[in-house]
Amino acid sequence: MKTLFILCAITTALSLSGQNSHAQTTDAPLRIIAFGAHPDDVEQKTGGMGAIWAAKGYKVKFVAMTNGDIGHFESSGGALANRRLKEVQECARIFGIETEVLDIHDGELEPTLENRKTVARLIRDWQADIVLFHRPYDYHPDHRYVGVLVQDASVIVAAPFFTPNTPPTKKNPIFMYYSDNFMRPYAFDPTIVVSIDEVADKKWNCITAMPSQFGDEHSWQASTYPNVPKDEQGRKDYLLKSVQLRNEAVASKYRDRLIAFYGQDKGSKIKYAEAFELCQYGRQPSMDELKKIFLLNGHTTNQPAKVSPGQDGALFLSAEAGKGVGPKIAYMPEASAFGWFTAADKVEWNVQVDKTGEYEVYLDWSVADLEAGKPYVLEAAGQQLKGTVERTGSWQTFKTEKIGTIKLTAGNRKLVFKPASKFETAGDKGALLDLRGLKLIPVKG
Ligand SMILES: [Zn+2]
C-alpha cells in the first residue's frame, strides 16, 4: 500500500501542475460511472450531466445498487424489480448511456466486503475516470451504504491484486458526491454546479418514463408526498413538478457559483442545476481540470457586467462580473477569482439595487497564511465596511464568511473593494487576498 500511496501522491502533484490531466493529454473519451441506491436515484441526481456528457461522446454508466423491489405501496418483489429495470433502461436510452441494476433487495444493502468487491469490479470494468455517488450522510440506509461502499473502494480500485481478475484502473479515479440537503455531520459543499437547462427535457422525459416511482397512485412518491392530486394526469404532473422544483432549488441555492462558472448574464438566468462535491479520497484534480471535465471552460476572461438582483433580492458580486482596476490585479479563470491584488489595486462593480434596505455582506476569498491580516474596505454609497483578511489556510482554500451589513438605496450603485492601507509588493510576495466575490443578502423584516 505504501507504493500505491506514493503513486497517488505523484499523480496528485502532477495533476496539480496541470501536466497529467486526462482531459488534456489524451483524446480518449472520459469514462464516468455513477452509483445510486435505487433505480431512480442516479437519474434524479445526475441525469442532466449524464446526458450532457453522453452528447459529447463521453462514456457514461448508471448503476443502481439495489433492484427497488419494495419501494411501492401496492406491488413488490420480482415483478416490481423487473418493471423498474425496464424504466431505467428507458432512461438510459433517452440519455444515451448504459445502465445496470444489481440483484440486491431494496432496503437490504449492506457495507460488506463482498459488496465492496462488487463496486470495485464495476469501477474497474468501466475503467472509470470519474465516479459519482451518494454522500454517506443520508436518511436512507441504502443511500448511506452506497456512500460507504464507494468510499471504501476508492483506493483499492487501483490496487492490482484486489479482485485481481478485473484489471485495476490505470490511475485513481476522481470521486464526487451528489448534492443533498442533510446538515449533520457536514452540509454538502459544492465544488461544481452545472446548468442542465439544455437537456432538461431529457431529464423530465426520464422521470415520466418511471411511473412506478413518479406516476402510479401507489408509487412511493404519490403515497408519501402531501397534497398529491387524486386524478391520474394531475398526479403525474405534480410528481414531475416536484422533481423540477428540486433542480430549481439547486440552481437558486448555489446561484453565486453558477454566476462564477457561467458569467453574470448566463449564470443569473439558469433555471435547473445539478451539483457535485469533490470527495477527499481518490485523485484530487485542479479546479481547472474539473471545469474542463464538466465542460465549464467557456469563460477564460472575466466580463465586467452590471449585477442585477436574483429572485430573492440577493446580489452576487462575482469576480467574473467585476472590473479589476490597478497596476497588477488579474482575473484568474482557473479559480474564478481576482489575484495579484496589490495596495494600488481595486475591484469595482456596477450594481442595480431594486430594494432599499440593509444587506448582509459575505466575503468569498482565499489567502496564504503568511499574507493574511491586511485591512480591506468595501465602499458602497458613501459607507465604508472595514475588516481584516482572515486566514483560510492557503491560496487554494476559499472561504465565505459574513463581514458585516450595509445599507443600499434602490438605483444604480458602484461598489468598490480595495486595501485599506499601504503594503509592499515584491515579486509574488505581498498581496491582499484572492477575491472570488461578495454576496449581499437582503436582511428580512
Ligand atoms: Zn433512493
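Every read-out reported here was derived from the displayed coordinates using simple, explicitly stated rules and does not represent laboratory data. As the structure is a prediction and not an experimental result, all values here were calculated from the model. Positions of Cβ are backbone-derived with ideal geometry, glycine not excepted, and every protein chain shown enters the neighbour counts.
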* To do: Only bridges with both residues in the chain count here: give the DSSP antiparallel percent, nearest 5.
  => 75 percent
* To do: Evaluate the Debye formula for the stretch 315-442 with equal point scatterers sitting on the alpha carbons, no solvent, and hand back log10 of I(q)/I(0) at q = 0.14, 0.18 Å⁻¹, in q order, two decimals.
  => -0.55, -0.92
* If you take the square roots of the eigenvalues of the alpha-carbon gyration tensor of the stretch 258-325 and sort them as a ≥ b ≥ c, do you get rounded (a/c under 1.5), prolate (a/b over b/c) or oblate? -> prolate
* **Pairs beyond 28 Å (Cα-Cα), from K306/K386; K59/K271; K45/K407; K386/K414** => K45/K407
* Which net charge results when you count Lys and Arg as +1 and Asp and Glu as -1 among the other residues whose beta-carbon is under 12 Å from that of F175? -> -1
* Quick one: P(r) of the chain from all Cα-Cα pairs, 10 Å bins, percents rounded to integers, in order of increasing distance. => 4, 19, 27, 23, 17, 8, 1, 0
* Theoretical ellipticity at 222 nm over the chain - DSSP helices of four or more residues, -39500 (n - 2.57) apiece, nearest 500 -> -9500 deg cm²/dmol
* Can you give the FRET efficiency for D237 and L295, using 1/(1 + (r/R0)^6), R0 = 25 Å, r = Cβ-Cβ distance, to the nearest 0.05? -> 0.20
* All other residues with a Cβ under 14 Å from the Cβ of A343 taken together, and with Lys, Arg as +1 and Asp, Glu as -1, what is their net charge? -> +3
* To do: For A368, list long-range residues whose amide hydrogen, built 1.01 Å from N in the peptide plane, is under 5 Å from its own amide hydrogen.
  => W395
* Structure fact -> Those GluC sites (Glu not before Pro) from the stretch 100-169 that are DSSP loop and have at most 16 other Cβ neighbours within 10 Å turn out to be E108
* Asked: Could you give the longest part of the chain that holds none of the chymotrypsin sites (Phe, Trp or Tyr not before Pro) found in DSSP loops with at most 15 neighbouring Cβ atoms within 10 Å?
  -> 187-422
